[in-house]
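Peer 1: Structure in structure tokens, see below.
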Amino acid sequence: MKENLLTGICLAMVPLPWTILYLRQSTWALESPVAEIMIAAYALFMIFSGGFTIWAYTKKDVRNGLMKACVIINSLYGAGGIAVLGMMVLPLVS
């Protein structure tokens, strides 16, 4: 039961970052303060989903085939989220 719940949560996190493509079609989402906040929020979610999936896979021993796919996809999302946040923060630091 616990394994199915964690797998379901991780699987639900896979398509969620793609909803930004639909939201960015609106004109309000392209304006300056909203755009940065939206991109940062999606990047933080992607980092969280990657970390949560890796945690569920390693610490909770959820090791089914679907979870292995979620680990790969959400880990790539997490790496992309770290890169996006890095691109947002580095110009502010220097």
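Peer 1: Can you tell me which residue is modelled with the lowest pLDDT among those in region 26-66 that are hydroxyl-bearing (Ser, Thr, Tyr) and surrounded by fewer than 13 Cβ atoms within 10 Å (Cβ to Cβ)?
Peer 2: Per the stated criteria, the residue is 32.
Peer 1: Just to be sure I understand the filter: pairs with C-beta atoms under 7 Å, separated by 6 or more residues or on different chains, first member in region 49-61 and under 11 Å from residue 13 (Cβ atoms), second member assigned to a helix (DSSP H, G or I) and among the aliphatic types (A, V, I, L, M). Which pairs pass?
Peer 2: 53/71; 56/6
Peer 1: What are the residues in region 9-25 that are exposed (fewer than 12 other Cβ atoms within 10 Å of the Cβ), of a type outside the set (A, V, I, L, M) and closer than 20 Å to residue 87 by Cα, if any?
Peer 2: 18
Peer 1: Identify, please: which residue in region 46-65 is in a helix (DSSP H, G or I) and among the β-branched types (Val, Ile, Thr) and is, among those, farthest from residue 19 (Cα to Cα)?
Peer 2: Filtering first and then ranking leaves 58.
Peer 1: Still on this structure, I have one more. From 35, 79, 43, 29, which residue is in a helix (DSSP H, G or I) and touching a residue at least 40 places away in the same chain (Cβ under 8 Å)?
Peer 2: 43
The values are calculated or read from the model by the stated rules, or taken from the named source; none is laboratory data. Keep in mind it's a predicted model, so treat the numbers as computed, not measured. In this analysis, Cβ positions are derived from the backbone assuming ideal geometry, glycine residues included, and neighbour counts consider all displayed protein chains.
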